[in-house]
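**Student:** Next up is a structure, given as structure tokens.
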Amino acid sequence: MNLEFGRLALVFLFAIIPAVGIALGINSPGLRARIPLLVAFFAGAIPIISLYVPKKFLSGPTGMSPRLDQWLIIVYAFAILLGVVNVVQNSTRKIARRESGWPFSIVLLLGLFATGGAGIYGAISHHGITSLPDGTATPFKWIQDQFFQPLQSTIFALLAFFMASAAFRAFRARNAEATILLFAGGLVMAGRVPLLEFLAVPFPPLQPAAAGASQALGKLTEWIMDTPNGAAQSGIIIGAALGAASMAIRVILGIERGYLGLGRGE
Amino acid sequence: MPHIPGIETWIAALLTLACMSFLYKDNPFFRFAESLFAGISLGYFIGITLNQTLVPNLILPLHRDFGQNWDLLVPGLLGVLLYMRYVPKIGWISRFALSIYVAYYIGLDFTRRIHGEVLPQLARAIVPLSKFDSHTILYSLIFSVGVFSVLIYFFFSKEQDAVTRRVARLGIWFLMISFGAAFGFTVMGRVALLIGRLNFLILDWIYPMIGLR
Amino acid sequence: MRTGVLSRASARVPSFAAPLTASLLVLLFRSALAVAPEVSPAAPGDLPAPTSFTAGDRPGDSGNAKPGAERYVDTTAKDGTVYRYEIRTVSAADTSSAVPAAGGTSAASGTVAAALPAGPPLVSDPVASHDNWFRTEKTNSFIASVLFLVILLASIGAAKSGKKIFIRRIAGLNAVDEAIGRATEIGKKVLYVPGSQSMDEIQTIASIAILGHVARATARYGTDLDVPNKDPLTFASAREAVRGAYLAEGRPDLYREEMVNYVTYDQFAFTAAVSARMIRERPAAIFLVGYFFAESLILAETGQSTGAIQIAGQADPTQLPFFIATCDYTLIGEELYAASAYLSREPALLGSMRAQDIAKAIVILLGITGIIAASLGATWFAGLFKTQ
Amino acid sequence: MAGMLDKLLSLDRRWIFLLVLLCVGTPIVLPIGLPVTTTGSTRAAFDYIESLKPGDYVWVSFDYGPSSAPENDPMAEAFLRQCFAKKIRVIVCAFYPLGSLGLATNSLAKVTAEYPNLRYGEDYVNLGYKDGAAAVMRRLGEDIAEGFPADVNGTPLAQLPIMKGLRSIRQVQLVCSVATGVIGEYWITQVHSQIGTPIIIGPTAVAAPKYYAYLNAGQLVGMLGGMKGAAEYEKLLAARYPDMARFYQSTRGFTATKGMDGQTVIHAVIILFILLGNVAYISRRAAQKKGA
């Protein structure tokens, strides 16, 4: 039995205190908010302290901070099923009430149970989800390759169309800001492909000049990406990081608690 | 010689076309593909989570070496607590699991923001301007002016005066250059994705059918 | 070309009292080195033998550090045991055949047996590793964190004790009420997508806070709300937030469990389903607030084509160009985090926003000082902010 | 006129979608063959492989997944073709977790079919996929068999004639990493910096700027930036090898040259549309001002 200090401390903070909190909370509703916030404080402080204090019980490979991370991966895995329950509830309701498009809910559930079932079979049969002992693909892998992959890459590829329509509509010289957006976008787009060489095709004598100009445009693109774009990104990142850091402290101190459904002063 | 592609190619090709039909308008084929996609993808992650997280991270460690890993029972229980939301009277119990999860990663994020973003970005913006050659002006000066003017745009709690208003305006211009450039820069990658799909449709599905290869 | 390899020698001589240290680093002066315990012939003429090397503690770790590029870090040293390290040169021709066996202590001696002409050994002072209390190399970020915490707590304290705090107009946030008002007028719902990431991302938490305000408004006006989710924990949290908002507005009767619903875990399956929902149900207002990846443009461009008022927000810059191009209002970067202070005007939140401004002012000041210092030749100043 | 401008400004976006489809799809069927100017980094990569001798070893690593295949496949195939044409021995492996092995197997099957004299296990070998790229690469310096004990079919390396006498990656003359993410950087930091083996990277266009820094620092012998770089490489190959010129001209399969046709046309069309939209917008605004 591993009874390292870090291990015991984790169990105390995140099992014993919550258990006590649940027991007390049943009778006094006021504690139902306070004890989860107290536990949150400890959970949030551990990684921060661990960055600066390299003591083994805290930051070593099996110390409190990495171990809590391993714990939470497991908690997260449980959450997936939370979503599945909701989807099954909503779909069966649609089918039962014959809401519009209910046959598609049957399709959804069929896909869900077939793929999920194949995945569960993989775990129970100890074959896993990639290949069977004879080297052929498992049913799970087959569904992944034949259905999941093409669907995924096609929806992703729709972006090419949306880029074009969004650019056509948004890149208009409505005011100074929009004009800057337009020029930067146009220049970079032109600098990414041998556009000038393409335009010079009908005029062979111009081709060498076009090639040179094309390379210069490529350099300009690089400069825009590196310097003005890099500067703006740095500015956004610094500002956003300070905003995020302040939000983080508010969450750890229990000032920001909307994520638990708790309003102010509850 | 025409040669009919295998069932796998047909499934993938028809699903590809069904998805693309959404560009024209919503239709039953797209709706079928979309519902199937939602179902399959959710089932896929059940399989992945079970086989790649729960089995190797929870079940196997408990099974193989309980003494070393007994503490993993706690996250298992915390995971179960999430479902208490479905029991109306004691729904609040699920808060424990959520609050630990959120707070730990938010703490981790806090350190990452200060340590990994604010300080290194600040260090990057500190550039010597001792020489006034074209390189210094084109790269270093413009870079630091950009960083600081964007930061001034993000001041919320101070009313802007004539100077800060102009600097903030400059900051907005930098932002607009950045957004325009990033947009233009991305077109190519997205078109490559479409090329990939069209390659599949034309080279793997249509060509074999009409006897080209 | 000469190359070499460095492996830990078996010259682990338990030695007299030496201070405890962490992982041991050996600084290489040439890339053509190998470590071995035995005495060997002199180094060939064309390769200068190293004249000295140091073995020592790498401060601020918990013992087992990873090997770096130019230094050798002993990850197997036991805390408290004292070691000596030896280093010596071998030629490339020998190492190519002999080195593959290296790895353990016995292999190291095997290397040397084959690695003829080798230089004389250099032996380090005795060293040992120990478990530390503070990562000295992170002092700068520690000071920055503490400073930020102090400013934050002081500002929140000041704001709570009644100090008035100004807040400038943020167009995207003014539009929140307008958008919900319009949805109420035409009797269509409000669609709120809290990003595609989980609750381990601060932008999601900020989005959930904004969702709380939106849900309060829809509860007040009796407008329908729809919150589809990609992440299951975000789903759980969004559900708490919306339920809490309807309770706080005294309208639990209007709250329905289906308002916050789960779609699927895959990025693009989620995108397809939500886009289709936009086309089929034509919401009057669409909020895309949180952390998005490539799905941003598909969602926002589809929403744009339905004619809905669209408000987007993201702190990370990668998807902002697409929101700017397709949405009526976009919260850029830090504006996302200012939103809950702006919408609620709560003193504690306004105070923390003030603290962010003070921190930005300090960053700008340090930056300008740094540029002046660097221009005058003091490059160490920028080094103060470099992190490891 | 005003009516036409209004029509253009409120153009149904489905017309744009159709145009995109045509611009990208047509060159796959009917290549245009737009001129491509070769750049220094691509030429350096090409010249380096040209300078190798028959019997040398080149390691081709597939470090990308299906989503960037249109950009990366042509690079990998161009490297393979050049090596096989020069009778260089090729070792193939895959490090990208999602689907790189399938891509490696397909590309290898496709290109080796063009060279019927090649024998598996003697002229080329496919070592398959391994998890944990950085850790595996570190082992390659000591013993390749430690990183890859067997090839993709499970044959131990010792039984493969091509691996005879080849123990460490330092004996390999060149590594070509065709990469989408960070794995290309591992080749530089784990293999080139530690062991010294020369590296050529073929990154996607999005990742290319990062690799320019390594190229400028002299840590790469050459680089192919995105689909454009691959198209340049195809042009160089066609100029040097008449067989390949015929091949690249006649193939119905996909090439970067065809892809670049599509990319150039679509970029040009989007820019044209933006220009038209602005002309329409500005002239309508001017007309409104006059009217008011």
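Throughout, read-outs are computed from the coordinates displayed, never taken from laboratory work. Quantities reported herein were computed from a predicted structural model and do not represent experimental measurements. Note that we place each Cβ from the backbone using ideal geometry, even for glycine, and neighbour counts take in every protein chain shown.
**Student:** With N residues in the range B:78-126, what two-decimal value do you get for its Cα radius of gyration over 2.2 N^0.38 Å?
**Tutor:** Compactness ratio reported: 1.84.
**Student:** Would you mind getting me the FRET efficiency between A:Thr62 and D:Lys290? Use the beta-carbon distance for r and R0 = 60 Å, nearest 0.05.
**Tutor:** For A:Thr62 and D:Lys290, the calculated efficiency is 0.20.
**Student:** Which residue, chosen from B:Val118, B:Trp92, B:Val102, occupies the Cα position most advanced towards the positive end of the dipole of the range B:78-126, where the dipole is computed from +1 (Lys, Arg) and -1 (Asp, Glu) charges on Cβ about the Cα centre?
**Tutor:** Towards the positive end, the residue furthest out is B:Trp92.
**Student:** Find out how many positive minus negative residues lie around B:Ser144, taking Lys and Arg as positive, Asp and Glu as negative, among other residues whose Cβ is under 14 Å from that of B:Ser144. Spell out each step's value before the answer.
**Tutor:** Details: positive: B:Arg124; negative: A:Asp226.
Charge balance near B:Ser144 sits at 0.
**Student:** Where nothing but the Cβ of Lys and Arg (+1) and of Asp and Glu (-1) is charged, how large is the charge dipole of the range A:59-208 around its Cα centre, in debye to the nearest 20?
**Tutor:** Working: 10 positive and 6 negative charges, 119 e Å.
Approximately 580 debye in magnitude.
**Student:** Where Rh denotes the Kirkwood radius from the mean inverse Cα pair distance, what is Rg over Rh for the range B:131-213?
**Tutor:** Taking Rh as the inverse mean 1/r over Cα pairs, Rg/Rh reads 1.40.
**Student:** Something else about it: Average partner chain C-beta neighbours within 10 Å, per residue of A:98-108?
**Tutor:** Whole-number average of other-chain Cβ neighbours for A:98-108 is 4.
**Student:** Exposed loop chymotrypsin sites (Phe, Trp or Tyr not before Pro) only (DSSP loop, at most 12 other Cβ atoms within 10 Å): please give the longest stretch of chain B free of them, not including the sites.
**Tutor:** On the way: sites that count: B:Tyr24, B:Phe132.
It runs B:25-131.
**Student:** May I pose another question? Between C:Ala378 and A:Leu110, what is the label-to-label distance in nm when each label sits 7 Å out along the Cα-to-Cβ direction?
**Tutor:** 7.4
**Student:** Only counting other Cβ atoms within 10 Å, I'd like D:Ser250, A:Ser59 sorted with the fewest neighbours first.
**Tutor:** So the residues, fewest neighbours to most, are D:Ser250, A:Ser59.
**Student:** If you don't mind, another one. Normalised by the number of residues in the range D:40-254, what is the relative contact order in percent for Cα pairs under 8 Å and 6+ residues apart? Don't skip to the answer; put the middle values down first.
**Tutor:** On the way: 399 pairs, mean separation 54.6, N = 215.
RCO, the range D:40-254: 25 percent.
**Student:** Hey, another quick one. Please compare each pair in B:Lys158/C:Lys163; C:Lys164/C:Lys360; D:Lys7/D:Lys290; A:Lys55/C:Lys360; A:Lys219/D:Lys235 to a cut-off of 24 Å on the Cα-Cα distance and tell me which ones are over it. Show your work: numbers first, answer last.
**Tutor:** On the way: B:Lys158/C:Lys163 14 Å; C:Lys164/C:Lys360 20 Å; D:Lys7/D:Lys290 20 Å; A:Lys55/C:Lys360 33 Å; A:Lys219/D:Lys235 22 Å.
Result: A:Lys55/C:Lys360 exceed 24 Å.
**Student:** Would you mind getting me the FRET efficiency between D:Leu22 and B:Phe29? Use the beta-carbon distance for r and R0 = 25 Å, nearest 0.05.
**Tutor:** The value I calculate is 0.70.
**Student:** I need the helices of chain D that pass two filters: whole DSSP H segments spanning 24 Å or more by Cα along the axis, and mean Kyte-Doolittle score no lower than -0.5.
**Tutor:** D:13-29, D:256-291
**Student:** How many Cβ atoms of partner chains, on average, are near each residue of A:215-225 if near means within 10 Å of its Cβ?
**Tutor:** Working: counts 2, 0, 0, 4, 0, 0, 4, 3, 3, 7, 6.
What the average comes to for A:215-225 is 3.
**Student:** Place +1 on the Cβ of every Lys and Arg and -1 on the Cβ of every Asp and Glu in the range A:171-255, take the dipole about the Cα centre, and give the residue among A:Leu217, A:Ala184, A:Ala173 whose Cα lies farthest towards its positive end.
**Tutor:** Toward the positive end, the furthest listed residue is A:Ala173.
**Student:** Between A:Glu222 and B:Leu14, what is the FRET efficiency for a Förster distance of 30 Å, r being their Cβ-Cβ separation, to the nearest 0.05?
**Tutor:** The formula returns an efficiency of 0.10 here.
**Student:** When chain B is treated as a GNM, springs tying every alpha-carbon pair under 10 Å, which of B:Leu98, B:Leu138, B:Leu62 comes out with the largest mean-square fluctuation?
**Tutor:** Fluctuation is largest for B:Leu138.
**Student:** Using alpha carbon centroids, what distance separates the range A:194-266 and the range D:40-116, in Å?
**Tutor:** Spelled out, the Cα-based centre of one part sits 33 Å from the other.
**Student:** Could you work out [θ]222 nm for the protein assembly as shown from helices alone, using -39500 (n - 2.57) per DSSP H run of at least four and dividing by all its residues? Round to the nearest 500 deg cm²/dmol.
**Tutor:** -18000 deg cm²/dmol
**Student:** What does the charge dipole of the range B:144-213 about its Cα centre add up to, to the nearest 20 debye, if the Cβ of each Lys and Arg holds +1 and the Cβ of each Asp and Glu holds -1? Provide the component values of the computation, followed by the final result.
**Tutor:** Values: 7 positive and 3 negative charges, 12 e Å.
Using only the charged Cβ atoms, the result is roughly 60 debye.
**Student:** Determine how many Å³ per residue the convex hull of the Cα atoms of chain A encloses.
**Tutor:** Values: hull volume 86.7 nm³, N = 266.
Per-residue hull volume (Cα only) is 326 Å³.
**Student:** Okay, next question. Would you work out the Kirkwood radius for the range D:40-254? I mean one over the mean of 1/r across all pairs of different Cα atoms, in Å.
**Tutor:** It works out to 16.8 Å.
**Student:** Follow-up. Place +1 on the Cβ of every Lys and Arg and -1 on the Cβ of every Asp and Glu in chain D, take the dipole about the Cα centre, and give the residue among D:Ala238, D:Ala134, D:Leu101 whose Cα lies farthest towards its positive end.
**Tutor:** Most positive-ward Cα: D:Ala238.
**Student:** Now a separate question. How big is the range A:171-255 by Rg and Dmax over its Cα atoms, in Å?
**Tutor:** 20.4, 71
**Student:** A follow-up question, please. With just the Cα atoms defining each centre, how far is the range A:55-85 from the range C:318-380? Give it in Å.
**Tutor:** Value for the Cα centre distance between the two parts: 32 Å.
**Student:** What does the structure give for C:341-352 when I average, per residue, the other chain Cβ atoms found within 10 Å of the residue Cβ?
**Tutor:** 3
**Student:** Roughly how big is chain D's charge dipole about its Cα centre, with Cβ charges of +1 (Lys, Arg) and -1 (Asp, Glu), in debye to the nearest 20?
**Tutor:** The dipole magnitude comes to about 920 debye.
**Student:** Now a separate question. Using the Kyte-Doolittle scale, which helices in chain A average at least 1.0 and also have C-alpha atoms spread 18 Å or more along the helix axis, with helices defined as whole DSSP H runs?
**Tutor:** Details: long enough: A:31-52 (32 Å, 1.61); A:64-96 (48 Å, 0.83); A:102-124 (32 Å, 1.59); A:149-170 (32 Å, 1.11); A:176-192 (24 Å, 1.30); A:207-226 (28 Å, 0.02); A:228-252 (36 Å, 1.15).
Sorted by number, the helices that extend far enough and score high enough are A:31-52, A:102-124, A:149-170, A:176-192, A:228-252.
**Student:** Using DSSP to define loop residues, name the trypsin sites (Lys or Arg not before Pro) in the range A:65-142 whose beta-carbon has at most 10 other beta-carbon atoms within 10 Å. Display every interim value, and only then the final one.
**Tutor:** Numbers: sites: A:Arg67, A:Arg93, A:Lys94, A:Arg97, A:Arg98, A:Lys141; in loops: A:Arg97, A:Arg98.
Sites meeting the loop and neighbour criteria: A:Arg97, A:Arg98.
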